[in-house]
1. Per residue, how much accessible surface does the range 1-77 expose to a 1.4 Å probe? Answer in Å², no decimals.
2. Assuming 0.36 nm per residue, please report the length gained on full extension of the stretch V6 to K127 beyond their Cα-Cα distance.
3. Once you list every other residue whose beta carbon is under 11 Å from the beta carbon of H112, what net charge do they have if Lys and Arg are +1 and Asp and Glu are -1?
4. As an exercise, use a Förster radius of 22 Å and the Cβ-Cβ distance of L18 and I70 to find the FRET efficiency, rounded to the nearest 0.05.
5. Of D35, D111, which has the most accessible area and how do the rest follow, probe 1.4 Å?
6. Return the equivalent ellipsoid semi-axes of the range 7-73 as a descending list in whole Å, where each equals the square root of 5 times an eigenvalue of the C-alpha gyration tensor.
Amino acid sequence: MSIQIVMMLPPRAASVSLARHALGEALSIPGVSPDCIHEAQLALSEACSNIVRHLAPGQNFEVLINIGEIELTVHVLDGEAQSPRDRKLANWPDTDVEHDGGLSLMTAFADHASFESEDGSGAVRLKKRLRWSAEPTVPSSG
């Protein structure tokens, strides 16, 4: 099973909400547990908000979501980024929670969070091991 979503979005609060809801719906299809979905949505919202805050005027951002059988991978790229594979990503720097709580939330709710900021462009990569719901996602026929 694999679900992939690619979105190019304008720098608006509604775009962050759209990315968050798209991720939630996509994770519910294969039966990811609700608490895991919520954690992934929080991390994605913070990543998108962080990128939007640093975009140049008129610049869009891209959200790439890949849901596998074991792990969720999300890339949030500003309009200057070319591809997640073309970018060198480093571990998050030490942050002051009071001044940048979003970075702390991303690292708290993702198993791996990394970023790059170079020459005015930026990228965030989040990875999260999926936990599955005990409830069946599709009613049995019969």
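1. Here the per-residue accessible area is 45 Å².
2. Taking 0.36 nm per residue and subtracting the Cα distance, the gain is 41.9 nm.
3. Charge balance near H112 sits at +2.
4. 0.25
5. In descending accessible area the options line up as D111, D35.
6. Semi-axes from the Cα gyration tensor: 24, 11, 10 Å.
The values are calculated or read from the model by the stated rules, or taken from the named source; none is laboratory data. Treat the numbers as computed from the prediction; the structure is a model and nothing was measured. With ideal geometry, Cβ positions are generated from the backbone for all residues, glycine too; neighbour counts draw on all protein chains shown. For accessibility, only protein heavy atoms count, side chains too; no ligands or nucleic acids. Shrake-Rupley method; radii C 1.70, N 1.55, O 1.52, S 1.80 Å.
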